[in-house]
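The values are calculated or read from the model by the stated rules, or taken from the named source; none is laboratory data. Remember, predicted model here, so these are calculated numbers, not experimental data. Note that each Cβ is placed from the backbone with ideal geometry, even for glycine, and that neighbours are counted across all protein chains shown.
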């Protein structure tokens, strides 16, 4: 899936392109489109956008329409307000209902004509916080229609940077952990601070002062145009912390920049103090971002002012795969668009704020967003699995099937030799049981059970006075000493003669067995000199005994 993240700013429109496949994603491209009226009056038209912003979005549409599957953008800051609420329970339905009552007293709008977007952060079963954003439906509809009709972009998600930043914190828990962190965004016409505790937003504040106002102050102080002031700010702008040596001219220029930002930084300091008062926790670290944060010395200036470590925000460092690298300046400018894209990756889209709900819900169908290119990877995986299965079947048919057939034949032969008088159906049943269980114990138990049944039948149907194979086998086994290892290979009862083929690994054992059998009471005559021959497995003897008339 190709994902396009658009950060609509008052000085530039920033675009980041991502490629997402399953749990793998990659940052592959970015684009920054400057607004020609960034230093002008910036007249806002219908939908909360200026004409230059609409033109820039139209350029984005010309480049990316038909090449991306999902588009996410921020909502203009003047169209929504945001609150962080805390609840002593975790049930989402109750939170949704309670949030509406809390917000109703804080915003000067009729909530029936508003859209409330929420992002819930569960901390425990007894404590939950939620970020609630409120915007008037008619203004959002005008914003959405302007983007669609005039710019030609069909946006899937409209969210806020505050919500998008939480995705970055979720990915960097090992870095932020349980620390209190403040993110300060110094933009062109506004600046904001968002404080996170345990990777959850707890406080935010926005001030409508930024880099534009610094350029305006420079232009007024030195009696030059805003364009010349902007160029001077970029070339020589510097915020010097106390103790840094400067020329008188540098000191005046630095103090001028500091004087413009002083009300904003004072407001942010009050926000830091409010966080300490509410949560009894001091800020551990500050990260700055936005175009104005490129001013040299600003990190050291803020660190010295608040005695808190301050660093540039680096969001792209959390990306595992980057075919597209950013330098430090680009990173600060693109931070919000990077965070917007990150909020829609790895299944986080349902957790982020999205104003496209209710009547403003996206009308795209599943087929509209279906891109067959996204199926290339799973199709390749299926093809590999299919090939492996086919190769496995060929291997089994070529090599394993003949071996299995031989084992089946051997098993059938062994069963037949063990149960020569049993029915064919019984032997087939024993063979199937043997193949199913893969164990000889089951077959052995069944064979023993069958032999016992035959013994009972023989015992009831044949008189003890008659010769029977089982009686002869019993007598033979009892006559041979237990120390003698002997195997009866053949037994032929042709009354009055009993023909035996005996086998043993020892000739002495064989002779001992023959003599022991000769002493049985129902043997009238035995061989004087048995025919003993040697074979590879031992010794074999064929002997004939004459039986008495009765046992």
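Given the options 102, 59, 97, name the one that is surrounded by fewer than 20 Cβ atoms within 10 Å (Cβ to Cβ), part of a helix (DSSP H, G or I) and under 35 Å from the mean Cα position of the chain (by Cα).
97
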Hey, can you tell me all the residues within segment 30-55 that are within 39 Å of the chain's Cα centre (by Cα), surrounded by 14 or more Cβ atoms within 10 Å (Cβ to Cβ) and part of a strand (DSSP E or B)? 30, 31, 32, 33
Quick check, is residue 151 over 35 Å from the mean Cα position of the chain (by Cα) and within 18 Å of residue 4 (Cα to Cα)? yes
Condition (residue is surrounded by 15 or more Cβ atoms within 10 Å (Cβ to Cβ) and closer than 18 Å to residue 38 by Cα) applied to segment 191-203: is it met by at least one residue? yes
Looking at segment 236-248, which of the residues that are free of Cβ contacts under 8 Å to residues at least 24 places away in the same chain and within 16 Å of residue 222 (Cα to Cα) is surrounded by the most Cβ atoms within 10 Å (Cβ to Cβ)? 236
Subset tally (residues that are over 15 Å from residue 493 (Cα atoms), crowded, with 16+ Cβ neighbours inside 10 Å and either outside the structural domain of residue 474 (by TED's automatic domain parsing) or at pLDDT 80 or above (or both)) for segment 521-551: 4
Of the numbered conditions (1) touching a residue at least 12 places away in the same chain (Cβ under 8 Å); (2) more than 24 Å from residue 207 (Cβ to Cβ); (3) over 32 Å from the mean Cα position of the chain (by Cα), residue 89 satisfies every one except a single condition; which is it? (3)
Do we find that residue 167 is over 26 Å from residue 303 (Cα atoms), at pLDDT below 85 and either in contact with a helix residue (DSSP H, G or I) (Cβ under 8 Å, 6 or more places away or on another chain) or not assigned by TED's automatic domain parsing to the domain that holds residue 51 (or both) in this structure? no
Read through the list (1) in a loop (DSSP other than H, G, I, E, B); (2) modelled with pLDDT under 90; (3) surrounded by 18 or more Cβ atoms within 10 Å (Cβ to Cβ), then give the number of the only condition that residue 188 fails. (2)
Please specify each residue of segment 105-126 satisfying the condition of being within 27 Å of the chain's Cα centre (by Cα) and assigned to a strand (DSSP E or B). 117, 118, 119, 120, 121, 122, 123, 124
Which of the residues that make up segment 192-215 are touching a helix residue (DSSP H, G or I) at 6+ places or on another chain (Cβ under 6 Å) and assigned to a helix (DSSP H, G or I)? 211, 213, 214, 215
Pairs where the first residue, in segment 249-263, is assigned by TED's automatic domain parsing to the domain that holds residue 213 and the second is outside any helix (DSSP H, G or I) and surrounded by fewer than 16 Cβ atoms within 10 Å (Cβ to Cβ), C-beta under 7 Å, 6+ apart: 254/246
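Here's the yes/no breakdown for (1) at pLDDT 85 or above; (2) farther than 15 Å from residue 545 by Cβ; (3) surrounded by 16 or more Cβ atoms within 10 Å (Cβ to Cβ); (4) in contact with a helix residue (DSSP H, G or I) (Cβ under 9 Å, 6 or more places away or on another chain):
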residue	(1), (2), (3), (4)
467	no, no, yes, no
470	no, yes, no, yes
476	no, no, yes, yes
483	no, yes, no, yes
490	no, no, no, no
497	no, no, no, no
503	yes, yes, yes, yes
Among the candidates 350, 364, which residue alone is under 30 Å from residue 111 (Cβ atoms) and either touching a strand residue (DSSP E or B) at 6+ places or on another chain (Cβ under 6 Å) or at pLDDT below 65 (or both)? 364
Based on what the data block shows, is residue 141 in the same structural domain as residue 3 (by TED's automatic domain parsing), over 25 Å from residue 19 (Cβ atoms) and either assigned to a strand (DSSP E or B) or more than 30 Å from the chain's Cα centre (by Cα) (or both)? yes
Here the residues within segment 313-334 that are touching a strand residue (DSSP E or B) at 6+ places or on another chain (Cβ under 6 Å) and more than 17 Å from residue 20 (Cα to Cα) are 313, 332, 334
